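Engineer: Once you've had a glance at the structure underneath, I'll fire off some questions.
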Amino acid sequence: MAESTSPIRPARVLAIVIAETGKPIVGGWPHYLQAVALLNAFAPKALVPTIGVIATAAESTIGILLLIGFRLRWTAYAATALLIGFGTAMTIALGIKAPLDYSVFAAAGAAFLLATAQPESTRVSRTRPSRGPLPSPSPVQA
């Protein structure tokens, strides 16, 4: 893969931008947009802020919907699509190692499993399922 001319090294880009000293810093919106531009190098520069807003909104919305269990099957399909999109963009920009290092495709597989699982297996029961009577304890031998 060709050496990047970006001031940010590809292996150090995702949610946190790592400074050259190796200390994590929260970069804020400008640093986030640099990361978005790097990961979406195929997109026009004018679309980078829009892509950043849409990605952030989609991640936040899908995460909250998954946590509260709202329309779980469709939300899980949306999470699958989003993660496959992220993994594809990372693969194009950084090579296959980056999405594998961050388990993006494994997370997409887990989201797809959640979307295709039987409804009974994703239900959270508030009551203990009936397992029949408890066995009586055996008498202690003297």
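Engineer: Within the group ALA98, ALA115, ALA93, ALA89, which residue is more than 22 Å from ILE51 (Cα to Cα), in contact (Cβ under 8 Å) with a residue 24 or more places away in the chain and over 13 Å from the mean Cα position of the chain (by Cα)?
Structural biologist: On the way: ALA98 fails: more than 22 Å from ILE51 (Cα to Cα); ALA93 fails: more than 22 Å from ILE51 (Cα to Cα); ALA89 fails: more than 22 Å from ILE51 (Cα to Cα).
One residue alone meets the criteria, ALA115.
Engineer: Continuing with this model, one more query. Would you pick out the residues in the stretch 69-79 that are buried (at least 19 other Cβ atoms within 10 Å of the Cβ) and hydrophobic (A, V, I, L, M, F, W, C)? Explain how you work it out, then say what you get.
Structural biologist: Within the stretch 69-79, the subset buried (at least 19 other Cβ atoms within 10 Å of the Cβ) is 75-76, 79.
Within the stretch 69-79, ALA76, ALA79 qualify.
Engineer: Looking only at the stretch 85-113, count how many residues are farther than 18 Å from THR56 by Cα and among the polar types (S, T, N, Q).
Structural biologist: Total meeting the criteria: 2.
Engineer: Also, quick follow-up: Please go through the stretch 23-60 and pick out each residue that is in a loop (DSSP other than H, G, I, E, B) and in contact with a strand residue (DSSP E or B) (Cβ under 9 Å, 6 or more places away or on another chain).
Structural biologist: Step one: of the stretch 23-60, the residues in a loop (DSSP other than H, G, I, E, B) are 23, 26-27, 40-44.
Those that are in a loop (DSSP other than H, G, I, E, B) and in contact with a strand residue (DSSP E or B) (Cβ under 9 Å, 6 or more places away or on another chain): VAL26, GLY27.
Engineer: Looking at PHE112, is it modelled with pLDDT of 70 or more, surrounded by fewer than 18 Cβ atoms within 10 Å (Cβ to Cβ) and more than 30 Å from PHE42 (Cβ to Cβ)?
Structural biologist: Details: modelled with pLDDT of 70 or more: yes; surrounded by fewer than 18 Cβ atoms within 10 Å (Cβ to Cβ): yes; more than 30 Å from PHE42 (Cβ to Cβ): no.
Judged against the criteria, PHE112 is not a match.
Engineer: Moving on. Hey, among LEU94, LEU66, LEU82, which residue is crowded, with 16+ Cβ neighbours inside 10 Å and either at positive phi or modelled with pLDDT under 90 (or both)?
Structural biologist: Working: LEU66 fails: either at positive phi or modelled with pLDDT under 90 (or both); LEU82 fails: either at positive phi or modelled with pLDDT under 90 (or both).
Result: LEU94 is the single residue among LEU94, LEU66, LEU82 that is crowded, with 16+ Cβ neighbours inside 10 Å and either at positive phi or modelled with pLDDT under 90 (or both).
The values are calculated or read from the model by the stated rules, or taken from the named source; none is laboratory data. Predicted model only: the values in this text are computed from it and were never measured. Cβ coordinates were reconstructed from backbone atoms using ideal geometry, including for glycine residues, and neighbour counts include every protein chain displayed.
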